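Structure first, then comments.
The values are calculated or read from the model by the stated rules, or taken from the named source; none is laboratory data. Predicted model only: the values in this text are computed from it and were never measured. We place every Cβ from the backbone using ideal geometry, glycine too, and count neighbours over all the protein chains shown. Note: areas computed on protein heavy atoms with side chains; ligands, DNA, RNA excluded. Shrake-Rupley method; radii C 1.70, N 1.55, O 1.52, S 1.80 Å.
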Amino acid sequence: LYLGINGGNVPGTSANPALQDPRVRQAIAHAIDRDTIVSSLLPEGAEAAIEFMPPTVDGYAEDVTTYPYDPD
């Protein structure tokens with residue numbers, strides 16, 4: 001499963017102008033309970049990804065910014 005958000009890094013390129021604000025994109029990231037999604041919908045042993053590529057692919061990085069579930 002993958003959720004992509006077009007933040008429109010170039011002004012005027014996002015379909016939704018609110019997504020140009022990084023705080024809005026961060027709030028969305030905090031609102032997703034990834035662990036519950038993985039544990040309730042995916043097969044046993046599945047793990048929440050921290051980035052787009054899996055650890056077995058060259059270029060995978062563990063030092064990406066992550067946003068813990070925090071609906072507040």
**Message:** Restricting to segment 49-62, give me the number of residues that are under 20 Å from Ile5 (Cα atoms) and either touching a His at 6+ places or on another chain (Cβ under 9 Å) or acidic (Asp, Glu) (or both).
**Reply:** 1
**Fill in**
Subset of segment 19-54, residues more than 13 Å from Tyr69 (Cα to Cα), part of a helix (DSSP H, G or I) and not β-branched (Val, Ile, Thr), comes to Leu19, Gln20, Pro22, Arg23, Arg25, Ser39, Ser40, Leu41
**Asked** Which members of segment 49-72 meet the condition of being surrounded by 11 or more Cβ atoms within 10 Å (Cβ to Cβ) and at pLDDT 90 or above?
**Response** Tyr60, Thr66, Tyr67, Tyr69
**Fill in**
Of the residues in segment 32-48, those that are open to solvent by 60 Å² or more (accessible area, probe 1.4 Å) and either aliphatic (A, V, I, L, M) or over 16 Å from Gly4 (Cα atoms) (or both) number 11
